[in-house]
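Encoded as structure tokens, the structure appears first; notes follow it.
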Amino acid sequence: MENKVAVVAIIAENRDSAEEINAILHQFGDYIIGRMGIPYKAKKVNIISVAIDAPHDVISAMSGKIGNLPNVTVKTAYSSCI
């Protein structure tokens with residue numbers, strides 16, 4: 001299966017989710033190009049963007065695991081390039 005490049009946007013509305021999010025990202029670390037986390041204290045949310053180069057099913061698995069956490073929203077944007 002060919003790899004896709006994608007950006008996974010994560011909004012965590014509860015700081016308690018941070019440890020679980022980091023554990024999941026660690027599981028997929030071999031595919032992660034880079035990540036950026038922004039704590040937005042005024043709105044009490046954490047914004048995380050993850051650039052990833054992986055097969056579509058791996059990206060979907062990671063997004064699904066993170067999205068199943070309470071008070072966490074995930075959206076994925078895929079590049080059209082291979």
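Can you spot a residue in region 42-49 that is closer than 22 Å to SER80 by Cβ and at pLDDT 95 or above?
So in region 42-49, the residues closer than 22 Å to SER80 by Cβ come out as 49.
Keeping just the survivors that are at pLDDT 95 or above gives 49.
Yes, region 42-49 has at least one match.
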Assess whether MET36 counts as being modelled with pLDDT under 95 and surrounded by fewer than 16 Cβ atoms within 10 Å (Cβ to Cβ).
no
Sole miss for SER17 among (1) open to solvent by 40 Å² or more (accessible area, probe 1.4 Å); (2) touching a residue at least 12 places away in the same chain (Cβ under 8 Å); (3) not in a strand (DSSP E or B) is condition (1)
Residue pairs within 8 Å by beta carbon, gap of at least six or interchain, first lying in region 52-77 and over 20 Å from ASN3 (Cβ atoms) and assigned to a loop (DSSP other than H, G, I, E, B), second open to solvent by less than 40 Å² (accessible area, probe 1.4 Å) and not hydrophobic (A, V, I, L, M, F, W, C), listed first then second, are LEU69/SER17; PRO70/SER17; ASN71/SER17
Check on LYS41, loosely packed, with under 10 Cβ neighbours inside 10 Å and closer than 18 Å to ASP16 by Cβ:
yes
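The values are calculated or read from the model by the stated rules, or taken from the named source; none is laboratory data. Nothing here was measured: the structure is a model prediction, and the numbers come from that model. Ideal geometry is used to build each Cβ from the backbone, glycine not excepted, and the neighbour counts take in all protein chains shown. Ligands, DNA and RNA are excluded from the accessible area calculation, which covers all protein heavy atoms including side chains. Shrake-Rupley method; radii C 1.70, N 1.55, O 1.52, S 1.80 Å.
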